[in-house]
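Here the structure comes first, spelled out in structure tokens, and everything after it is commentary.
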Amino acid sequence: MMQEKTIEQAAVSTQRLYYEDSHKSEFTATVLACRAYKDKYGILLDRTSFFPEGGGQFGDTGWLCKKGEEGENAQELQTRREQKAVAVLDTQEKDGMIWHVTDLPLEAGDEVAGRLDFEKRFDRMQQHSGEHILSGIVHRLYGLDNVGFHLGEELTTLDFNGELSKDQVRTVETLANQAVFADLPVEVLYPAKEELAALEYRSKIEIEGQVRIVQIPGVDRCACCAPHVGRTGEIGLIKILSCERHRGGCRMVMVSGSRALQDYMQKQESVEAVSVALSAKQEAVAQAVLHQKEQISALREQLNRLQAASLSGQLEQIRPDQQDVCLFVEDFDMIAVRSFVNQAMERCSGLCAAFEGTEEEGYHYIIGSSRLDTRTAAKALRESFGGKGGGRPEMVQGFVCGKEQEIRALLARCAAEQTGE
Ligand SMILES: [Zn+2]
């Protein structure tokens, strides 16, 4: 059993295989220690491909399997690994030690085979490396600094300390993808202190110890601790989804690689659906939607005119001696209904009520009166039919569910009671 001090010494000098080869998804190692880690286990290894959260990139996930339990042949190895493996749920670095956070314990001295969830890691490297290219180009062309970076599970956001126009965003996106097509190497440098002082690079903050520089020739040079793709071609398409004003600068939302493909597939599906629904060519769906919108507003105007005509017809039918008005309509604009009530109030001194809707779905109503307290009617409707409603003495509005005949009868009683008839 190693002494506590020796474990610490060994753990801070864990061999970081992800720096030697960012594509190394399988490795072997020895367990230095296994401790309680929050409500899980924390395992320290003498070497690891698991990258601990840092530089805006989440910690790796994967599996650790005790050696000798992998089985004989490749097939058996696969199944036994899946059955016997300890799941690495997260990787975190504390005081220079890399903690593999697991669901099950391992013992110090165990020889293990480690395997990354490399699909996830590669996806993150695609997003992160794409971010370097965008930030490098924005810095070089427009002198803006990346002041915030978040690599989420779905989207990546970049905050810049200045605004970018639509044209500038398009230029940045074009140049970024040209850098991908050129399949440039992503180089890692560990410059000496004097060399570093003379070097132009982004993220020039005070970093203790050796600074790791990640450079893409002619595109970006930045201090960064995370793993990246080996060549820019691996990133695949870089797509900027939006770039909007944010805290005095702008926030860019981007996806690259497999996420950009997913995004394209989803958008293609949307465009196809709209294209079929509107019988428009895919490249012309935007114009088709605008055209439909114009048609809808023209139809709405026409409908409003027809409804207004129908309601003025109703007004004409009010007899000179009539006290109360009660109108039931379906699919009418409430503005037109309110205008009807206002005009009816000028002709009749009793309750002027209008109900819009159906018996099944209920009615929105407005009741006005130049002489009576309409709140009494609203209260009676609430008490008999439920729903809601209220307002001023001269006008109430609300919603009620009931039968037309019963509502009419109730309002007639209300009016009669108030006028003492
Ligand atoms: Zn980086």
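A short reminder: the numbers here are calculations on the coordinates, not readings from a lab. Values in this document were obtained by computation on a predicted structure and should not be read as measured data. Every residue, glycine among them, receives a Cβ derived from its backbone with ideal geometry; neighbour counts consider all protein chains shown.
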Taking square-rooted eigenvalues a ≥ b ≥ c of the alpha carbon gyration tensor, is the stretch 331-401 rounded, prolate or oblate, where a/c under 1.5 means rounded and, failing that, a/b exceeding b/c means prolate?
oblate
Using the basic label-point model (7 angstrom from Cα toward the beta carbon), what is the residue 384 to residue 347 distance in nanometres?
2.4
Grab the Cα-Cα distance for residue 322 and residue 163, subtract it from 0.36 nm times how many residues apart they are, and report the gain in nm with one decimal.
50.6 nm
Most exposed first by the Cβ proxy, i.e. fewest other Cβ within 10 Å, how do 276, 188, 101 rank?
276, 188, 101
Between 0 and 90 degrees, rounded to the nearest ten: what's the tilt of helix 374-385 against the longest Cα principal axis of the chain?
70
What is the pair-distance distribution P(r) of the stretch 202-329, computed from all Cα-Cα distances in 10 Å bins starting at 0, with each bin given as a whole percent?
9, 17, 20, 15, 13, 11, 7, 5, 3, 0
Are any of the pairs 24/84; 24/239; 24/267 more than 29 Å apart by Cα-Cα distance, and if so, which?
24/267
Quick one: putting +1 on the C-beta of Lys and Arg, -1 on the C-beta of Asp and Glu, what dipole do you get for the chain around its Cα centre, in Debye to the nearest 20?
760
Arranged by the count of other C-beta atoms within 10 angstrom, fewest first, what order do 97, 334, 254, 265 take?
265, 334, 97, 254
Between residue 120 and residue 283, the two model label points (7 Å from Cα along the beta-carbon direction) sit apart by a distance in nm of 4.2
Calculated from DSSP helices alone, with each H run of at least 4 adding -39500 (n - 2.57) and the total divided by the residues of the chain, [θ]222 nm to the nearest 500 comes to -13000 deg cm²/dmol
Of 398, 262, 308, which is farthest on the positive side of the dipole of the stretch 261-420, counting Cα position, with +1 on Lys and Arg Cβ, -1 on Asp and Glu Cβ, and the Cα centre as origin?
398
So which lysines pass the test for residue 94, namely a Cα distance under 20 Å, with those fewer than 8 places away in the same chain ruled out?
5, 38, 40
Report the gain in length on full extension from residue 9 to residue 270: 0.36 nm times residue separation, minus Cα-Cα distance, nm rounded to one decimal.
88.3 nm
How far apart, in nanometres, would the label points at residue 93 and residue 24 be if each is projected 7 angstrom from Cα along the Cα-to-Cβ direction?
1.5
Long-range tail of P(r) for the chain (Cα pairs > 27 Å, %):
68
For 39, 123, what ranking results if the residue with the fewest other Cβ atoms within 10 Å of its Cβ goes first?
39, 123
Enumerate the aspartates and glutamates that residue 120 could reach by cross-link, defined here as Cα to Cα under 15 Å, with residues fewer than 8 away along the same chain left out.
26, 53, 60, 90, 153, 154, 234
